[in-house]
Amino acid sequence: MSEAFDLSNNNPLLSLYARNASILVFKMFGVAALTGKIRHSKKKFANIEDAKAIKGAQVDTADEDVERVRRAHLNDLENIPPFLCISFLYILTDPEPKLARNLFLGFTAARICHTLVYAVKPVRQPARGLCYGVGLAITCYMATKVIKHFW
Amino acid sequence: MSEAFDLSNNNPLLSLYARNASILVFKMFGVAALTGKIRHSKKKFANIEDAKAIKGAQVDTADEDVERVRRAHLNDLENIPPFLCISFLYILTDPEPKLARNLFLGFTAARICHTLVYAVKPVRQPARGLCYGVGLAITCYMATKVIKHFW
Amino acid sequence: MSEAFDLSNNNPLLSLYARNASILVFKMFGVAALTGKIRHSKKKFANIEDAKAIKGAQVDTADEDVERVRRAHLNDLENIPPFLCISFLYILTDPEPKLARNLFLGFTAARICHTLVYAVKPVRQPARGLCYGVGLAITCYMATKVIKHFW
């Protein structure tokens with residue numbers, strides 16, 4: 001690469017990155033909203049000041065429905081920030097655009113499905129394992145390419 | 001944008017981003033320090049090797065004062081890394097500088113207040129909900145702008 | 001700095017960053033793999049659909065061996081994403097290359113050792129505290145430099 005990397009929306013790869021990053025952040029916030037919705041419908045909260053603010057609510061940090069959504073959220077935290085960093089470095093490696101597009105869309109789709117089968121409507125395994133594995137494999141592939149390119 | 005994006009401190013928006021990112025990271029580390037401080041003052045630790053290192057300490061992973069600070073920290077992890085990514089993309093969208101400045105300072109102030117009313121001195125709702133909501137709304141606004149700009 | 005920051009692999013500092021970021025992400029995924037390995041060997045899972053998929057497995061979210069690895073992973077989430085953001089901003093401050101190299105390698109080494117003495121083979125304190133402290137000090141040093149440079 002002799003030309004400077006273009007940090008504007010004239011750069012299709014950067015645009016792809018920006019759109020996917022934003023969608024993934026919205027997806028993560030959706031999981032937070034789902035936690036809140038279940039807490040309100042079951043009237044079970046983690047903090048005493050939350051329970052006090054709602055009539056009939058109580059403090060309960062062991063409700064399985066809430067904990068399931070929180071585990072889904074934690075899994076997002078373990079996988080999405082690493083992707084956001086690695087995929088930005090990946091677009092600096094001048095990848096084949098079609099491949100990059102498939103990897104980005106694949107990761108985003110896998111993480112949305114992960115949330116659906118984990119937090120929204122539990123589905124029997126290997127549904128969640130597959131979604132998790134696809135996202136993980138894509139980030140690992142990109143990280144390998146990044147290491148090779150920047151060695 | 002026909003000019004290249006300036007990644008130096010001559011760029012006021014990048015400088016704004018860099019300062020806010022650093023302050024937010026220091027704030028998060030402050031929550032970690034607070035957890036450690038409470039663990040030491042109550043002599044309640046999560047690991048056996050920590051308890052062994054301090055006379056009279058025990059393993060206890062259910063202390064409410066410690067867990068409250070850890071929930072505040074987890075909420076940071078759910079909100080601050082997404083902001084760090086989205087707000088960087090946002091400054092690439094050539095935003096109105098005054099608006100960008102208000103959004104960045106608003107987010108940072110909201111998250112500092114969130115820590116104060118959650119972990120430092122519990123305040124009754126809607127104090128924490130408001131702080132959380134302001135930060136969330138700012139990140140969502142920026143992510144919407146990013147999607148539109150890079151579509 | 002009058003020249004534009006080079007986002008290619010001709011930039012030794014960016015290359016250093018990219019390699020370290022990738023290695024840290026692989027390390028974090030290794031902790032996730034370790035959690036899975038222990039869950040399978042002890043047949044203790046967090047979700048009912050996971051337990052159902054394996055003969056003789058049960059739901060158990062309080063196994064100390066699993067929880068220890070999950071605490072190590074959470075500590076990574078609290079420290080590595082902040083480093084990934086701050087260290088990128090740090091290389092924009094035109095640091096002395098040798099110092100930058102030592103800081104990056106020091107952080108990566110400290111976090112790998114942190115995982116070893118926390119999740120792989122528990123070692124008595126202050127082993128883990130030292131690893132944690134070195135990583136924290138390096139990120140704080142860089143964040144201070146970033147604030148000064150971009151003030």
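Structural remarks
- From the list A:Lys121, A:Lys55, the lone residue that is out of contact with any strand residue (DSSP E or B) (no Cβ under 9 Å at 6 or more places or on another chain), over 19 Å from A:Lys27 (Cα atoms) and free of Cβ contacts under 8 Å to residues at least 24 places away in the same chain is A:Lys55.
- Residue, farthest from B:Ala33 (Cα to Cα), within segment C:127-150, restricted to residues that are more than 7 Å from chain B (Cβ to nearest Cβ) and more than 19 Å from the chain's Cα centre (by Cα): C:Lys148
- So C:Ala119, is it more than 9 Å from chain B (Cβ to nearest Cβ), assigned to a helix (DSSP H, G or I), of a type in the set (Gly, Ala, Ser) and over 24 Å from B:Ala21 (Cα atoms): yes
- Filter pass, C:Asp65 being of a type in the set (D, E, K, R), within 14 Å of chain B (Cβ to nearest Cβ) and part of a helix (DSSP H, G or I): yes
- Test: residue in segment A:33-54 that is within 13 Å of the chain's Cα centre (by Cα) and within 9 Å of chain B (Cβ to nearest Cβ): no
- Of all residues in segment B:125-143, those satisfying the criterion of being surrounded by fewer than 22 Cβ atoms within 10 Å (Cβ to Cβ) and modelled with pLDDT of 95 or more are B:Pro126, B:Ala127, B:Gly129, B:Leu130, B:Gly133, B:Val134, B:Leu136, B:Ala137, B:Cys140, B:Tyr141.
- Against the numbered list (1) assigned to a helix (DSSP H, G or I); (2) among the small types (Gly, Ala, Ser); (3) within 30 Å of C:Ala119 (Cβ to Cβ), B:Ala100 comes up short only at (3).
- Annotation note: Cβ proximity below 9 Å between a residue of segment C:33-45 that is more than 11 Å from C:Ala119 (Cβ to Cβ) and a residue that is in a strand (DSSP E or B) and charged (D, E, K, R) (sequence gap 6+ or interchain) occurs for no pair.
- Any hit, segment A:87-95, residues being farther than 24 Å from C:Leu24 by Cα and more than 12 Å from chain C (Cβ to nearest Cβ): no
- Scanning segment B:81-93 for residues that are in contact (Cβ under 8 Å) with a residue 24 or more places away in the chain and touching a Phe, Trp or Tyr at 6+ places or on another chain (Cβ under 9 Å) yields B:Pro82, B:Phe83, B:Leu84, B:Ser87, B:Phe88, B:Leu89, B:Tyr90, B:Ile91, B:Leu92, B:Thr93.
- All conditions in (1) away from chain A (no Cβ under 11 Å); (2) surrounded by fewer than 17 Cβ atoms within 10 Å (Cβ to Cβ); (3) under 18 Å from A:Ile48 (Cβ atoms) hold for B:Leu99, with the sole exception of (3).
- Screening segment A:81-94 for residues that are of a type outside the set (A, V, I, L, M, F, W, C) and within 20 Å of A:Asn10 (Cβ to Cβ) and picking the one that is surrounded by the most Cβ atoms within 10 Å (Cβ to Cβ) gives A:Tyr90.
- Assessment of segment B:88-96 against the conditions (in contact with a helix residue (DSSP H, G or I) (Cβ under 9 Å, 6 or more places away or on another chain) and either under 30 Å from A:Phe45 (Cα atoms) or of a type in the set (Ser, Thr, Tyr) (or both)) yields at least one matching residue.
- Summed over segment A:1-32, the residues that are touching a residue at least 40 places away in the same chain (Cβ under 8 Å), more than 15 Å from the chain's Cα centre (by Cα) and part of a helix (DSSP H, G or I) give a count of 4.
- Some residue of segment A:23-31 being touching a Phe, Trp or Tyr at 6+ places or on another chain (Cβ under 6 Å), within 21 Å of A:Ile112 (Cα to Cα) and surrounded by 15 or more Cβ atoms within 10 Å (Cβ to Cβ): no
- Of all residues in segment C:32-67, those satisfying the criterion of being of a type in the set (Lys, Arg) and buried (at least 19 other Cβ atoms within 10 Å of the Cβ) are C:Arg39, C:Lys44.
- Residue check for A:Phe26: facing chain B (nearest Cβ under 8 Å) and farther than 22 Å from B:Leu7 by Cα: yes
- Residue match in segment B:103-116 (condition: surrounded by fewer than 22 Cβ atoms within 10 Å (Cβ to Cβ), at negative phi and facing another protein chain (nearest Cβ under 8 Å)): no
- Among residues that are within 13 Å of the chain's Cα centre (by Cα), in a helix (DSSP H, G or I) and surrounded by fewer than 24 Cβ atoms within 10 Å (Cβ to Cβ), B:Glu78 is included.
The values are calculated or read from the model by the stated rules, or taken from the named source; none is laboratory data. Note that the coordinates shown come from a computational prediction; the quantities given were computed from them, not determined experimentally. So basically every Cβ, Gly included, is an ideal-geometry build from the backbone, and we count neighbours across all protein chains shown.
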